[in-house]
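Presented below is the structure to which this report refers.
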Amino acid sequence: MKIAVCIKQVVTREWQLRVNDQNTWIRDQDASFELNEPDAYALEEALRLKERHGGEVIVCSAGPARVAQVIREALARGADRAVHVESDGLATADADAVAAALAVALRDERVDLVLTGLQSDDQGFGQVGVVLAERLGFPHATIIMEVDASGDGLRVKRELEGGWFQWIRLPRPALLTIQSGINQLRYATLKGIMAAKKKEIRKVAAPPAPPATQRIVTLAFPEKGKQTQMIPGSAAQAAQTLVTRLREEARVLPS
Amino acid sequence: MILVVAEQRDGTLNRATWETIAAAQGAGDQVTVVVLGAGVEAVARELAAADVAAVRVVDAPALGMYTADGYVQGLTAVIDGLAPARVFLPHTYQTRDFAPALAARLERPLVTDCVAIERDGDRTVYVRPVFQGKLQAEVVAEGPAPHFVTCQIGAFRADAVRRGAAPAGIEPMAVSIDAAAIRQHPEAPFKEARQAVDLSQAERIVAVGRGIKGPEHLELAKQLAAAMGAELAASRPICDAGWLPMDRQIGSSGQTVAPKLYVALGISGAIQHLVGMKGSRTIVAINKDGEAPIFEVADYGIVGDLFEVVPAMIAELKK
Ligand SMILES: Cc1cc2nc3c(=O)[nH]c(=O)nc-3n(C[C@H](O)[C@H](O)[C@H](O)COP(=O)(O)OP(=O)(O)OC[C@H]3O[C@@H](n4cnc5c(N)ncnc54)[C@H](O)[C@@H]3O)c2cc1C
Ligand SMILES: Nc1ncnc2c1ncn2[C@@H]1O[C@H](COP(=O)(O)O)[C@@H](O)[C@H]1O
């Protein structure tokens with residue numbers, strides 16, 4: 001089975017966000033980056049499917065030169081090769097433009113399955129996977145927690161809200177958006193890191209961007225809605241004040 | 001006209017639909033609601049109580065159980081027939097599943113997860129969280145109508161829906177669904193084996209997030225919980241990593257709780273977590289990042305290292 005996994009590079013969770021001078025995006029020149037979390041689970045699922053059924057895992061990322069970092073990491077974890085649609089504009093593009101770029105990358109690959117994460121940690125559109133399916137003409141299913149590819153098609157477990165699930169059958173080729181927690185992640189070994197150096201990264205020019213569908217006009221820190229009592233002081237002082245207030249003011253501790 | 005797409009399962013209306021109707025009523029345009037399914041007359045009657053121009057019904061056997069392809073087919077025809085300026089949907093898992101395909105097929109913008117809709121001169125600005133809720137973006141949609149908009153769960157108030165003086169008209173729409181073109185074949189929804197713990201009954205909850213760093217530190221949180229007479233719970237990544245069982249997860253894909261006291265340790269406060277706990281009476285947040293969105297819902301907040309604050313709390317509680 002030939003499987004493509006779409007991976008996005010996002011700023012690390014630890015990085016202190018700063019907004020740029022135009023208030024339209026973050027100032028990420030000095031940021032550190034990592035693999036979008038659900039995409040790591042999508043990659044792991046692809047590697048497991050390959051172990052079970054044979055085939056090939058191709059990772060695919062759209063973005064500026066710096067996304068080579070997450071591509072290398074994915075190759076070190078076991079992906080066979082990579083496709084990089086390189087363009088600076090794709091770092092902040094809307095879901096349609098990203099899906100269009102990924103569709104170009106995958107057009108000639110004739111894959112049986114495309115996996116994406118369900119949502120990106122930065123833009124959080126929750127769209128790129130499904131739009132890509134539409135562009136490729138593939139059926140799709142979203143928020144997937146289990147994949148059974150033993151038959152001709154696929155049987156996948158979709159997460160619904162509040163602890164409900166549902167199995168869905170769909171034919172191949174198909175696209176699935178993967179939910180975090182579907183499997184337990186593996187990390188790159190030294191051997192994997194060495195092997196990755198020899199693996200192919202095919203660069204593809206970005207297609208002309210489709211007309212923009214949406215644009216950020218302002219980016220800001222949210223205003224606090226609720227009156228939060230922020231408790232100052234050293235850890236010991238703050239802990240003491242907090243416990244006193246929970247006892248005497250909120251009255252929520254057992255007496 | 002704003003078209004609101006209602007969500008129902010087996011004839012039960014999803015409450016988030018009312019929130020979306022409230023958002024549409026507040027957006028200053030005439031509102032029409034459409035509901036798709038098989039045998040949805042009762043749901044249509046329920047919706048007709050709202051102050052809306054009409055409730056349109058697409059009733060087809062092929063729409064009995066939700067599928068992405070079925071909904072995209074059905075709604076493409078509905079939108080073609082009604083030519084709305086905007087289409088509003090609740091930001092549920094079901095909407096996430098079909099709305100991007102629908103908007104892409106029609107080549108129209110889709111702005112997801114909106115928490116507010118504002119007028120700015122003659123343009124509409126949609127406010128949506130980015131960077132896991134740490135920042136908020138004001139977004140404008142570009143290009144021809146209709147523009148698709150999904151409303152974050154809990155962002156608009158269901159009880160603010162204006163009711164009509166008389167029920168709105170219920171009008172069936174003749175839409176033929178080509179069942180053979182539906183590629184997803186769903187089975188009946190189910191719940192995993194019964195949950196061992198029912199956190200919804202807990203009076204107090206101590207919940208840990210990724211700030212706890214590793215499973216070896218859970219003992220610290222357990223000690224705090226014991227000192228408070230609380231149950232232990234967690235954000236999703238903790239359960240994903242297998243540090244705590246899934247039935248201790250709070251949030252949209254886990255349990256919804258409203259205890260007297262909810263203590264969030266090292267939890268950032270992503271919306272999918274907040275929907276599961278923001279109804280708690282007293283919320284305490286301990287987080288080393290003063291900008292973490294969890295503080296927006298907290299009654300008491302400490303900006304600090306949980307590995308210093310929690311031991312001090314345990315000592316204080318034991319006094
Ligand atoms: C469809 C969908 C469904 C989801 N369902 C759920 C759900 O049901 N429940 C859920 O929880 N999530 C859910 N999520 C995931 C959610 O979006 C967040 O990713 C998740 O809640 C983040 O967990 P966290 O706060 O523990 O981790 P992070 O966001 O990584 O936050 C960790 C926090 O710990 C703080 N911290 C770090 N070290 C310390 C320290 N020493 N002392 C104090 N603070 C510290 C950091 O400042 C940070 O704020 C869902 C996501 C999607 C897309
Ligand atoms: N620039 C990108 N390159 C590769 N994959 C991407 C990119 N942007 C988004 N994706 C994929 O699409 C998923 C959903 O992203 P989004 O629609 O931005 O929430 C992500 O989890 C990735 O798998």
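Could you figure out which of (1) among the acidic types (Asp, Glu); (2) within 12 Å of ligand 2 (Cβ to nearest atom); (3) farther than 28 Å from B:Arg128 by Cβ isn't true of A:Asp121?
(3)
Only strands (runs of 3 or more DSSP E) wholly contained in segment A:126-180 count here; list those with 3 or more residues that are at pLDDT 95 or above, aromatic (Phe, Trp, Tyr) and away from ligand 1 (no atom under 16 Å from the Cβ).
Of the strands (runs of 3 or more DSSP E) lying wholly inside segment A:126-180, none has at least 3 residues that are at pLDDT 95 or above, aromatic (Phe, Trp, Tyr) and away from ligand 1 (no atom under 16 Å from the Cβ).
I'm trying to understand the selection: among the residues of segment B:296-316, which are surrounded by fewer than 24 Cβ atoms within 10 Å (Cβ to Cβ), more than 9 Å from ligand 1 (Cβ to nearest atom) and at pLDDT 95 or above?
Once the filter is applied, which keeps residues that are surrounded by fewer than 24 Cβ atoms within 10 Å (Cβ to Cβ), more than 9 Å from ligand 1 (Cβ to nearest atom) and at pLDDT 95 or above, segment B:296-316 yields B:Asp299, B:Tyr300, B:Pro311, B:Ala312, B:Ile314, B:Ala315, B:Glu316.
Matching residues to (1) within 14 Å of chain B (Cβ to nearest Cβ); (2) away from ligand 2 (no atom under 11 Å from the Cβ); (3) in contact with a strand residue (DSSP E or B) (Cβ under 7 Å, 6 or more places away or on another chain); (4) under 22 Å from A:Gln127 (Cα atoms):
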site	(1), (2), (3), (4)
A:Ile3	no, yes, yes, yes
A:Ile26	yes, yes, yes, yes
A:Ile58	no, yes, yes, yes
A:Ser61	no, no, yes, yes
A:Val67	no, no, yes, yes
A:Val98	yes, no, yes, yes
A:Asp112	no, yes, yes, yes
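Could you figure out which of (1) facing chain A (nearest Cβ under 8 Å); (2) crowded, with 23+ Cβ neighbours inside 10 Å; (3) polar (S, T, N, Q) isn't true of B:Thr95?
So B:Thr95 meets the others, but not (1).
Could you check, for segment B:182-198, whether at least one of its residues is near ligand 1 (Cβ under 8 Å from one of its atoms), assigned to a loop (DSSP other than H, G, I, E, B) and touching a strand residue (DSSP E or B) at 6+ places or on another chain (Cβ under 6 Å)?
The answer is no; no qualifying residue exists.
What residue, among those in segment A:213-250 that are facing chain B (nearest Cβ under 7 Å), of a type in the set (Gly, Ala, Ser) and over 36 Å from the mean Cα position of the chain (by Cα), is surrounded by the fewest Cβ atoms within 10 Å (Cβ to Cβ)?
A:Ala236
Does A:Arg186 meet the test of being among the basic types (Lys, Arg), in contact (Cβ under 8 Å) with a residue 40 or more places away in the chain, more than 16 Å from ligand 2 (Cβ to nearest atom) and closer than 30 Å to A:Gly137 by Cα?
The answer is no for A:Arg186.
Go through B:Pro129, B:Pro172 for me and flag whichever is under 25 Å from the mean Cα position of the chain (by Cα) and in contact (Cβ under 8 Å) with a residue 24 or more places away in the chain. Talk me through it step by step, then tell me what you get.
Values: B:Pro172 fails: under 25 Å from the mean Cα position of the chain (by Cα).
When all the criteria are applied, what remains is B:Pro129.
For B:Ala137, state whether it is crowded, with 20+ Cβ neighbours inside 10 Å, at the interface with another protein chain (Cβ under 8 Å from one of its Cβ atoms), in a strand (DSSP E or B) and not basic (Lys, Arg).
Yes; evaluated as a whole, the condition is true for this residue.
Identify, by number, the condition in (1) within 20 Å of A:Tyr41 (Cα to Cα); (2) within 9 Å of ligand 1 (Cβ to nearest atom); (3) in contact (Cβ under 8 Å) with a residue 40 or more places away in the chain that B:Met246 doesn't meet.
All conditions are met except number (2).
Filter segment B:104-128 for residues that are out of contact with any Cys (no Cβ under 9 Å at 6 or more places or on another chain) and facing chain A (nearest Cβ under 7 Å); which is surrounded by the fewest Cβ atoms within 10 Å (Cβ to Cβ)?
B:Arg105
Let's see how each residue does on (1) more than 9 Å from chain A (Cβ to nearest Cβ); (2) under 26 Å from A:Ala141 (Cβ atoms); (3) in contact with a helix residue (DSSP H, G or I) (Cβ under 6 Å, 6 or more places away or on another chain):
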residue: B:Arg183; (1), (2), (3): no, yes, yes
residue: B:Ala188; (1), (2), (3): no, yes, no
residue: B:Glu192; (1), (2), (3): no, yes, no
residue: B:Leu220; (1), (2), (3): yes, no, yes
residue: B:Trp243; (1), (2), (3): yes, no, yes
residue: B:Asp247; (1), (2), (3): no, yes, no
residue: B:His273; (1), (2), (3): yes, yes, no
residue: B:Ile286; (1), (2), (3): no, no, yes
residue: B:Phe295; (1), (2), (3): no, no, no
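Show me the helices (runs of 4 or more DSSP H) found entirely inside segment B:203-319 where at least 1 residues are out of contact with any Phe, Trp or Tyr (no Cβ under 6 Å at 6 or more places or on another chain) and within 16 Å of ligand 2 (Cβ to nearest atom).
B:236-240, B:271-274
Run B:Cys151 past the list (1) within 12 Å of ligand 1 (Cβ to nearest atom); (2) at negative phi; (3) touching a residue at least 24 places away in the same chain (Cβ under 8 Å); (4) surrounded by 21 or more Cβ atoms within 10 Å (Cβ to Cβ) and report the number of the one that doesn't hold.
With respect to (1) within 12 Å of ligand 1 (Cβ to nearest atom); (2) at negative phi; (3) touching a residue at least 24 places away in the same chain (Cβ under 8 Å); (4) surrounded by 21 or more Cβ atoms within 10 Å (Cβ to Cβ), B:Cys151 is out only on (1).
Answer yes if at least one residue in segment B:210-224 is basic (Lys, Arg), crowded, with 16+ Cβ neighbours inside 10 Å and away from ligand 1 (no atom under 11 Å from the Cβ), and no otherwise.
No: zero hits.
Taking segment B:160-202 as the region of interest, how many residues are among the acidic types (Asp, Glu) and either on the phi > 0 side of the Ramachandran plot or at pLDDT 95 or above (or both)?
3
Looking at B:Gln73, is it in contact (Cβ under 8 Å) with a residue 40 or more places away in the chain, under 30 Å from A:Arg158 (Cα atoms) and either under 16 Å from the mean Cα position of the chain (by Cα) or facing chain A (nearest Cβ under 10 Å) (or both)?
no
Mind listing just one residue for me: the one in segment A:157-196 that is more than 7 Å from chain B (Cβ to nearest Cβ) and among the charged types (D, E, K, R) and, of those, surrounded by the most Cβ atoms within 10 Å (Cβ to Cβ)?
A:Arg158
Could you look through segment A:118-144, keep only residues that are of a type in the set (D, E, K, R) and without any contact (Cβ under 8 Å) to a residue 40 or more places away in the chain, and pick out the one that is farthest from the other protein chains (Cβ to nearest Cβ)? Let's see the steps before the verdict.
Of the residues in segment A:118-144, the ones of a type in the set (D, E, K, R) are A:121-122, A:134-135.
Now narrow it down to the ones that are without any contact (Cβ under 8 Å) to a residue 40 or more places away in the chain: A:134-135.
Details: A:Glu134: 4, A:Arg135: 7 Å.
Here the answer is A:Arg135.
With the condition kept exactly as written, say whether any residue in segment B:300-313 is touching a Ser or Thr at 6+ places or on another chain (Cβ under 8 Å) and more than 8 Å from chain A (Cβ to nearest Cβ).
Among the residues of segment B:300-313, not one is touching a Ser or Thr at 6+ places or on another chain (Cβ under 8 Å) and more than 8 Å from chain A (Cβ to nearest Cβ), which makes the answer no.
Considering only segment A:79-96, state which residues are closer than 20 Å to A:Leu115 by Cβ and touching a strand residue (DSSP E or B) at 6+ places or on another chain (Cβ under 6 Å).
Hits for segment A:79-96 are A:Ala79, A:Asp80, A:Arg81, A:Ala82, A:Val83, A:His84, A:Val85, A:Leu90.
Taking only segment B:228-238 into account, find how many residues are over 20 Å from B:Ala258 (Cα atoms) and either surrounded by fewer than 23 Cβ atoms within 10 Å (Cβ to Cβ) or over 24 Å from the mean Cα position of the chain (by Cα) (or both).
1
The values are calculated or read from the model by the stated rules, or taken from the named source; none is laboratory data. Being a predicted model, the structure only gives us computed values, none of them experimental. Every residue, glycine as well, gets a Cβ built from its backbone with ideal geometry; the counts of neighbours run over all protein chains shown.
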